[in-house]
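Data first, discussion second: the structure below is written as structure tokens.
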Amino acid sequence: APHRPLRPIAGAIAALACLSGILFVAGMISSSSHNLNTAPRVSARTSGQSLISAAYGRGMRPISLFQRARNFQSASSQHTFSSPQGISRPTFHVNSGAVASETQSEDAELPSNLKEAVDQAAESLMKANARGETLLRAGLFIEEMSRGSRQNLDLQEPRVLCRVAEEFAKRSNITKIKYYFANVGLTVQQKKWLGEIGSTATTSSLDRPPTLGDEELIVFVKPDIFGLSNAKKLSDKTMEIPFEERPAVLMLNENFGDQDDPGDGFLGVPQMETIQARDLKNRFAVAYYLEQVLSRQTGIIVLFKRYPREWKLFIADEGQYKKIREQNREPGEEEIFESVTDFNNEKQMKKLWQSFRWRKQVENFCDSVGIQKPFEKKGQKM
């Protein structure tokens, strides 16, 4: 009889020992999973566009961010998210940049259609410019701009990017706009289309010497490494103009190459041009960024930035996009890879914990002594 009070303690000790064993095994599995995910990863950022694709390389492909719409200009067009199986997207309306309330899901600020993404980008650019930023950068890496444009020309990437610039100019009361495209052929195509939609903007090509006039807004649409020198010269010229008269410069979906390249060059591009591309990009403030891709190892990943808010990384899980990283600077390739890997490892550990034979006993013991249960966040009940 005197030894009976020791039995619950002995049981708890045995349960903790079992827990240690299962966590050790789970850790080994998690480590193996990390090694498997790391093995096939190679640099894939030859296009210089996708941060997420650069982090994962092989095994990545863009997925449909929005459903194709019949007419981009139609107010009834929804361009809703092409949600993955089991993913339900909440409807979110732009409300002058109001921060999502605590009752909203973590992904509530993500746009639910293409027009909303364009509006968000224009609004973010306007806010950044109003705070004194004149060199602005935005990125919209949406698969519809390539695949969907085959059926709807209004979904072509240059046209969507021009929509962003036109909406920004409209909200900022800017009338004198000049677009710079990557080459002469693209310039001729887009000049005709801009005229068809009633734009009064002028156009030019970055493969020709740039000229600076009385423009209020200069837009680089998908500039590449071959137009880098002229883009840099034009940006430098605008900075010599007094601030009150200085035009805003937008750089949309730049294609200069790997920003983390050590300077050895890529695709035969000299080392100095690689360094200049990195320096030029760093001078531009990122006002908006939206990218969504699919990895065979990790599923759907979304990288999102909306000025003046922080950079956020989401991953599709349990019917929504869960935020797994948030910081005030643009994340690097390794940071993206590590964040997603850590999330998946923790998820795998939770599954193993749910199947652990003595889980209930251990959780009851934690409750009895007032300590936090394994894998339980503060304020969360499992």
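Here are some notes:
- Just so you know, in segment 158-182 the residues that are open to solvent by 10 Å² or more (accessible area, probe 1.4 Å) and touching a Phe, Trp or Tyr at 6+ places or on another chain (Cβ under 9 Å) include one that is nearest to SER124 (Cα to Cα), and it is ARG163.
- Hey, TRP358 at pLDDT below 90 and either crowded, with 16+ Cβ neighbours inside 10 Å or among the small types (Gly, Ala, Ser) (or both) or not: yes
- Output for segment 302-324, where each listed residue is closer than 15 Å to PHE343 by Cα and either among the basic types (Lys, Arg) or open to solvent by 20 Å² or more (accessible area, probe 1.4 Å) (or both): LYS312, ALA316, GLU318, GLN320, LYS322, LYS323, ILE324
- Residue check, ILE218 in contact (Cβ under 8 Å) with a residue 40 or more places away in the chain, β-branched (Val, Ile, Thr) and open to solvent by 10 Å² or more (accessible area, probe 1.4 Å): no
- Any hit, segment 245-261, residues being open to solvent by less than 40 Å² (accessible area, probe 1.4 Å), without any contact (Cβ under 8 Å) to a residue 60 or more places away in the chain and among the charged types (D, E, K, R): yes
- Residue in segment 283-301 that is open to solvent by 40 Å² or more (accessible area, probe 1.4 Å), modelled with pLDDT under 85 and of a type in the set (Lys, Arg) present: yes
- Filtering segment 200-226 to residues that are modelled with pLDDT of 95 or more and over 27 Å from the mean Cα position of the chain (by Cα) leaves ALA201, THR202, THR203, SER204, SER205, GLU215, GLU216.
- Every pair of residues 6+ apart whose Cβ atoms lie under 7 Å, when the first sits in segment 153-180 and is touching a residue at least 12 places away in the same chain (Cβ under 8 Å) while the second is of a type in the set (Phe, Trp, Tyr) and open to solvent by 20 Å² or more (accessible area, probe 1.4 Å): none
- Residue match in segment 183-197 (condition: open to solvent by less than 50 Å² (accessible area, probe 1.4 Å) and assigned to a loop (DSSP other than H, G, I, E, B)): no
- Scanning segment 249-281 for residues that are of a type in the set (A, V, I, L, M), modelled with pLDDT of 85 or more and in a helix (DSSP H, G or I) yields a total of 2.
- Restricting the first member to segment 190-201 and to residues that are in contact (Cβ under 8 Å) with a residue 12 or more places away in the chain, and the second to residues that are in a loop (DSSP other than H, G, I, E, B), the beta-carbon pairs closer than 6 Å and six or more apart or on different chains are LEU194/ALA201.
The values are calculated or read from the model by the stated rules, or taken from the named source; none is laboratory data. This one's a predicted model, so the numbers in the text were calculated from it and none came from an experiment. Cβ atoms come from the backbone with ideal geometry, glycine included; neighbour counts cover every protein chain shown. Side chains are part of the model used for accessible areas, which takes the heavy atoms of the whole protein and leaves out ligands, DNA and RNA. Shrake-Rupley method; radii C 1.70, N 1.55, O 1.52, S 1.80 Å.
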